[in-house]
1. Given the criteria in contact with a Pro (Cβ under 8 Å, 6 or more places away or on another chain), touching a residue at least 60 places away in the same chain (Cβ under 8 Å) and either part of a loop (DSSP other than H, G, I, E, B) or surrounded by 15 or more Cβ atoms within 10 Å (Cβ to Cβ) (or both), does residue 263 qualify?
2. Keeping to the stretch 9-25, report how many residues are among the acidic types (Asp, Glu) and in a helix (DSSP H, G or I).
3. Residues being buried (at least 16 other Cβ atoms within 10 Å of the Cβ) and either under 13 Å from residue 113 (Cα atoms) or among the β-branched types (Val, Ile, Thr) (or both): count how many of those fall in the stretch 86-95.
4. For residues in the stretch 61-110 being more than 23 Å from residue 166 (Cα to Cα) and among the β-branched types (Val, Ile, Thr), which is nearest to the chain's Cα centre (by Cα)?
5. Out of (1) in contact with a Cys (Cβ under 9 Å, 6 or more places away or on another chain); (2) buried (at least 19 other Cβ atoms within 10 Å of the Cβ); (3) outside any helix (DSSP H, G or I), the odd one out for residue 163 is which?
6. Restricting attention to the stretch 96-111, and to residues there that are crowded, with 18+ Cβ neighbours inside 10 Å and in contact with a His (Cβ under 8 Å, 6 or more places away or on another chain), which single residue is nearest to residue 156 (Cα to Cα)?
7. Picking from 149, 100, 107, which residue would you name as being in contact with a helix residue (DSSP H, G or I) (Cβ under 7 Å, 6 or more places away or on another chain) and small (Gly, Ala, Ser)?
8. Suppose we filter the stretch 213-230 for residues that are part of a loop (DSSP other than H, G, I, E, B) and at pLDDT below 90; how many remain?
Amino acid sequence: MSTDSVSWENVMSSSADQVQTLISNMLTPHKLSVLKARSLQSCIRHANFGQVDVIRLGYGAHVRIQPDDLVDYYLIQIPQYGQATVRCGGEEVDSMPGVASVLSPNAEIDMNWQASNEQIMIKIDRLLLEQTAQDLGVDTLVSGVHFPAKFECHKSVSWQLMLRYLVDCARNSLTMQRSPLLIRQLEQLVVTTLLGEHPPVQQSGFNRVRSAILPRHIKQVENYLHEHIDQPINLDVLAAQTQVSVRTLQVAFKEHCGVSPMQYLRQLRLDRVRADLLTHGDSAECSVADIALRWGFAHLGRFSAAYRDRFGETPSQSLQRVRHSTL
């Protein structure tokens, strides 16, 4: 039985040791306990797409799973049948069809799967997810991206469509593997859909803690962001400006400014939006949507929430306040 298979073939096993070894190789070392004295009737499928893996797993018995820490990946578990109780950090999820669980790195995990439980699991490389989150300007905790464990995925049409496509790709994974471009596109589809439909826990407000003296490369980045705020910017561009690695830049910027460079850029753009609303809001041609798009906010729902978090009111309320003051 191969552990590096990329085909969506069934692997059947009744050996707890064999199943534990196989899943440990796919995911992380863990303790597997079979409960209620029933032998396993495991069914495993696996497909790899670069930095994303898809696994369909059912143990066919009531089991307890106690993984080691998920250090370098995130895991989304989506029940297709049956139920599971998932404890991740301080959260507990009664997971069933329509209610998925999202496991974040470095959280203590303890799970009980019922005998009828069968899940599709999506494993996402941590660096891929956190880099994409930074590029999208997602506010994250200093320790990285952390998701709420409970994900009511049945409420998201976008997630359901993405999952259906991902499973179709898994069924044809040998063909997909021939195209690195398709793999990269699939990686981005999975990660951006997760971030959009199940946003991570965010910092409360914009608590910017500056060091008294900023290093030269941090000042360079700040100046560049102010001067090119209306232009497309990503971390690679910023790292090239300072001639340091992306990782070094992220760590240093958070250490000295309290946020990542992309979060800082988003706050600057929110400030520009507010300035435009307060300055031009009395014009009949002024609209929240137009100003938001001008400053790079394409998703109006997320933009409105970020604006409210920063200024204590929605952009529409700012606009109405300006218009009422001119009557």
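1. Taking the combined requirement at face value, the residue does not satisfy it.
2. Number satisfying all stated conditions: 1.
3. Here the count works out to 4.
4. If we take residues in the stretch 61-110 being more than 23 Å from residue 166 (Cα to Cα) and among the β-branched types (Val, Ile, Thr), then 71 is nearest to the chain's Cα centre (by Cα).
5. Of (1) in contact with a Cys (Cβ under 9 Å, 6 or more places away or on another chain); (2) buried (at least 19 other Cβ atoms within 10 Å of the Cβ); (3) outside any helix (DSSP H, G or I), only one is false for residue 163: (3).
6. Here the residue is 99.
7. 100
8. 4
The values are calculated or read from the model by the stated rules, or taken from the named source; none is laboratory data. Just so we're clear, the structure is a prediction, and the values are computed from it rather than from any experiment. Positions of Cβ are backbone-derived with ideal geometry, glycine not excepted, and every protein chain shown enters the neighbour counts.
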